[in-house]
Every structure is written in structure tokens, then in C-alpha cells.
Amino acid sequence: IFLMFSGLFATVAAQDKIVLGFSQVGAESEWRTANTESIKNAVANDPRIELKFSDAQQKQQNQIKAIRSFIAQGVDVISFSPVVQTGWTTVLEEAKAAGIPVVLTDRKVDSDESLYVTLVGSDFVEEGRKAGAWLAQAMNGQANIVELQGTVGSAPAIDRKAGFEQIIQHFPNLKIIRTQSGDFTRSKGKEVMESFLKAEGENIDALFSHNDDMAIGAIQAIEEYGLKPGEDIKIVSIDGVRGAFEAMIQGKLNCTVECNPLLGPQLVEIVKGVVDGKEFPKYIPVKENIYVQSQAKEVFSERKY
Ligand code: AHR
């Protein structure tokens with residue numbers, strides 16, 4: 001009898017769980033790996049939530065497919081970090097029609113605000129501004145800059161570029177001489193930096209990379225070309241992952257602007273709140289810092305990602 005009842009309770013408890021369907025961008029960077037881990041750990045530590053996780057391999061059509069499958073399965077809440085900014089309205093309307101609330105993490109969408117509950121994530125424009133301000137000061141307002149952009153059409157690529165340009169436009173001798181997407185990956189970052197070096201060679205004074213992984217790829221390209229990253233070419237990038245701190249300790253990267261991927265605990269609280277009928281503002285920002293080479297050694301051991 002005891003076994004029968006405990007089985008029954010287990011079924012009821014399982015039915016009571018909030019089912020969260022999460023569609024992740026992919027595994028393109030150290031940042032993304034930390035973000036995925038943070039979400040999985042936070043859910044694993046919360047007895048109220050069950051996670052259905054799907055990896056979109058950096059393709060919007062895979063995310064749309066995953067979201068449609070979450071709708072078909074009747075999950076309680078859908079969350080995703082959109083690969084690109086546009087093209088979400090139809091699928092968000094489908095979720096709304098099915099009565100499933102959507103929580104955005106990390107990146108925004110261009111769709112109407114009424115189609116999602118909230119966005120928890122970084123201020124990418126501000127990150128771009130911080131990178132621009134650091135570079136303007138480090139180069140005394142004078143440099144030929146090459147720029148490695150993130151995934152074309154993604155919120156961080158659009159906003160970081162805009163923020164960076166907002167600052168450097170005040171310095172007539174800071175010029176972006178080449179700009180191209182490296183899709184947020186190390187391998188593409190290296191490949192594109194090789195092409196920049198082939199075209200511009202020692203004419204390049206500085207690199208602005210939209211994330212650390214592309215900067216790390218570019219560092220390899222610069223070394224293979226025979227120049228010293230961090231000295232011959234000053235480098236500022238964004239994320240603040242451990243790989244960036246290692247590069248700073250080696251003197252190869254000059255500055256990283258933090259973009260915090262540890263969104264899991266906040267997401268779990270929001271998901272439970274949504275189910276419990278709580279109200280949320282449309283945007284929930286994440287606190288972030290900026291780190292330069294001279295701080296790298298001291299701060300490294302405290303880094304969580
Ligand atoms: O959306 C956040 C960005 O996506 C991170 O800066 C980058 O590393 C990741 O791939």
C-alpha cells in the first residue's frame with residue numbers, strides 16, 4: 001500500500017512541475033557555454049521546474065522549429081535567446097494564441113512587446129560604448145581600427161557596433177578601416193583577422209572584437225602574421241570569459257568589457273513568478289564591469305566563467 005501511495009504522490013508531484021522549454025542559440029562561444037550551464041544548473045537546483053532544452057546551432061529556423069515543438073507539447077513557459085533580432089512575430093503570436101508566456105533571455109527581438117513577458121539580459125549598446133571609451137583613451141584618440149562583428153543581424157552585433165560608434169565619432173582620428181562578421185566564433189575570428197592583415201598589414205593599430213572568442217582567434221592570426229597582439233595591435237573585446245583573462249595575463253589582450261552570462265538563477269525566478277501571476281518590467285538589466293590588463297591576475301581566480 002505504501003508503495004502504491006508513494007507512486008501516486010510521485011505522479012502528482014511530477015504533474016505539478018512547471019515545464020520550461022528553452023531554445024538556446026548554440027555553443028558558439030565560451031560565453032554561451034557558461035550561459036547554458038548556468039540555466040541548466042539553476043533549473044536542476046529548483047524542484048519546481050523541469051527543463052526541455054534545445055540547441056539551435058546558431059540557426060533561426062531551428063529555433064522556430066523548437067518553439068513550435070514546445071507549443072505542441074504544451075509546456076508552461078517558453079524561453080529563448082534569439083539568434084537574430086527580426087523574424088519572430090509569427091511564432092510569438094502562435095505561442096500567445098496557445099496561452100504560453102514567453103521570456104526572452106540575453107538578446108532582444110524586434111517584435112511587439114505584448115508578445116513576450118520580459119527580457120533579461122545585458123545592455124549591449126552600453127558595452128559597445130565602454131569598449132569605445134577605453135580604446136579612445138588608450139590610443140589617445142588616434143588609430144586605424146579593424147572590427148570583428150558578431151553574428152549578422154543579432155542584437156549584440158547591432159548594438160555593440162552602434163555603442164562603439166557613438167563614442168568614436170567624437171574622435172576624427174579614430175577610424176574603422178575594415179569591418180566584417182566573425183559570427184562570434186574563434187575560427188571565424190581568426191579567418192577574418194587573417195584577411196584584415198592581408199589587406200592592411202601594419203596599417204592596423206587596434207582591434208575591436210564584439211566578443212572574446214573572436215579576439216582569441218584574431219590573436220592567433222596576429223601572431224602567425226609576425227606581429228605582437230596587445231602591443232603592435234591593441235585589442236578590446238567583450239564578454240570577460242576566462243580565456244580573455246588568460247590572454248590579458250599573457251599581455252596579448254588589453255581590455256575586456258564584461259557581459260554576464262550567468263542568467264540561470266534570474267530566469268528561474270522569473271519563470272516561477274510568471275506562473276504565479278507576478279508582473280515584470282519589459283526589460284531586466286544585468287550588472288556588468290570592465291577589466292584591463294593590469295587587473296587580470298588579481299581578478300582571475302574570482303571569475304566564475
Ligand atoms: O548574446 C551574447 C553574445 O553571444 C556573447 O557576447 C557572445 O560571446 C555570444 O555568442
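The values are calculated or read from the model by the stated rules, or taken from the named source; none is laboratory data. The model shown is predicted, which means the values in this text are computed figures rather than measured ones. Backbone-built Cβ (ideal geometry, glycine too); neighbour counts: all protein chains shown.
Tabulated results
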quantity	calculated
Residue check for Lys52: of a type in the set (D, E, K, R), more than 26 Å from Asp159 (Cβ to Cβ), away from the ligand (no atom under 16 Å from the Cβ) and in contact (Cβ under 8 Å) with a residue 24 or more places away in the chain	yes
Criterion violated by Gly128 - all others in (1) more than 20 Å from Asp239 (Cβ to Cβ); (2) of a type outside the set (A, V, I, L, M, F, W, C); (3) in contact with a helix residue (DSSP H, G or I) (Cβ under 6 Å, 6 or more places away or on another chain) satisfied	(1)
Pairs where the first residue, in the stretch 186-213, is within 16 Å of Pro156 (Cβ to Cβ) and the second is part of a strand (DSSP E or B) and away from the ligand (no atom under 16 Å from the Cβ), C-beta under 7 Å, 6+ apart	Phe208/Ile145
Qualifying positions in the stretch 233-257 - in a strand (DSSP E or B), within 22 Å of Arg107 (Cα to Cα) and of a type outside the set (Val, Ile, Thr)	Ser237, Asp239
Which listed residue, of Leu262, Leu267, is touching a residue at least 40 places away in the same chain (Cβ under 8 Å) and assigned to a loop (DSSP other than H, G, I, E, B)	Leu262
Strands (runs of 3 or more DSSP E) completely within the stretch 99-216 that count 3 or more residues being within 16 Å of the ligand (Cβ to nearest atom) and under 30 Å from Glu269 (Cα atoms)	102-105, 118-121
Members of the stretch 117-129 that are surrounded by fewer than 23 Cβ atoms within 10 Å (Cβ to Cβ) and of a type outside the set (A, V, I, L, M, F, W, C)	Thr118, Asp123, Glu126, Arg129
Residue list for the stretch 20-40, filter: assigned to a strand (DSSP E or B), within 11 Å of the ligand (Cβ to nearest atom) and in contact with a Pro (Cβ under 9 Å, 6 or more places away or on another chain)	none
Identity of the residue in the stretch 231-290, among the charged types (D, E, K, R) and modelled with pLDDT under 95, that ends up nearest to the ligand (Cβ to nearest atom)	Glu288
